[in-house]
Amino acid sequence: MAVQKKKAVSRQKSRKRSSALRYHKRSMVLISMILVLLTGVLTVSAASLQEKNQEYEKQEIELKAQIQKEKERSEEIKAYEEYVKTDDYVKEVAEEKLGLVDPNEIIFKPAQ
């Protein structure tokens, strides 16, 4: 009878161990699945962030080009402003808009 009790106790311990091992394996599989899922989510997020970063770099290049164009335009406006202050500009506008001429200038009109 003592031998049977030892066998029964041995079986119970064996069942507890196998039960604990199954529980442990399930936990490890669950943790592994969660880690794989998180890795996948992080990979997708990283890819979308990389794409956004490339878009922002393109936008930055376009904005720098626009800034350069506006600087060139600003320089042209300054040059035109200086030209407007000259006597040549005043004379040109007077000839074009008002039809004025210099006293020694001869005007040729086309025959009609």
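Just so it is clear, none of the values below were taken in a lab; they were calculated from the coordinates. What you see is a predicted model; the values in this text were computed from it and never measured. Don't worry about glycine lacking a Cβ; one is built from the backbone with ideal geometry, like all the others, and counts go over all protein chains shown.
Work out the FRET efficiency for Glu57 and Ser27 from their Cβ-Cβ distance, taking R0 = 30 Å, and round it to the nearest 0.05.
0.10
Give me the extension gain from Gln112 to Leu98: residue separation times 0.36 nm, minus the current Cα-Cα distance, reported in nm with one decimal.
Full-extension gain reported as 2.9 nm.
Report the net charge of residues surrounding Ala79, where surrounding means a beta-carbon distance below 12 angstrom and charges are Lys +1, Arg +1, Asp -1, Glu -1.
Every neighbour counted, the sum reads -2.
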